[in-house]
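Below: one structure, written as structure tokens.
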Amino acid sequence: MKWLRKQIKEERRTLVRARRRFLHNPSEESLHHVRTSSRRLRSLLEDSGDIVSEPALLRAVKRTAKSTDPARDAAVIRALLERVVAPAERTHAAELLRDLRLQEELAMRRACKKLARVSYD
């Protein structure tokens, strides 16, 4: 069990570092790192819940995912639209792309505010 506690501690540290980088410089890449590190930690906590119970940490990790979902969704939709719109149709899609960028920026700001309040202690 000692190795499991050590692994949880290491994954928690990874998530804390990813969150710190995202709060310092919110970007699609730093958001991705927060989400992947939180998924790894959540999976570890759920899989080892019968052996090592960390309910408060698991709740915090779930809040992290919930806080970052809208920002990730907006980024994915915008990127998809940018890829599939033909160059000839760019002018027609420009307003929609602009609106999606604004939604993405707003979702990133909201994610920052929410993540700033999450504690993994």
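Each value in this text was obtained by applying a stated rule to the coordinates, not by laboratory testing. A quick note: this is a predicted structure, and the numbers were derived from the prediction, not measured. Virtual Cβ from ideal backbone geometry, glycine too; neighbours counted across all protein chains shown.
Listed by chain and number, the lysines whose C-alpha is less than 25 Å from the C-alpha of LYS66, apart from same-chain residues fewer than 8 away, are LYS9, LYS113, LYS114. Considering only alpha-carbon pairs that sit under 8 angstrom and 6 or more positions apart, the relative contact order computed for the range 2-116 is 29 percent.
When log10 I(q)/I(0) by the Debye sum over Cα atoms at q = 0.11, 0.18, 0.19 Å⁻¹ is computed from the coordinates, the matching label among (i) -0.45, -0.96, -1.04; (ii) -0.35, -0.92, -1.01; (iii) -0.44, -0.88, -0.94 is (iii). Each Lys and Arg contributes +1 and each Asp and Glu -1, all at the Cβ; summed about the Cα centre of the chain, the dipole is approximately 660 debye.
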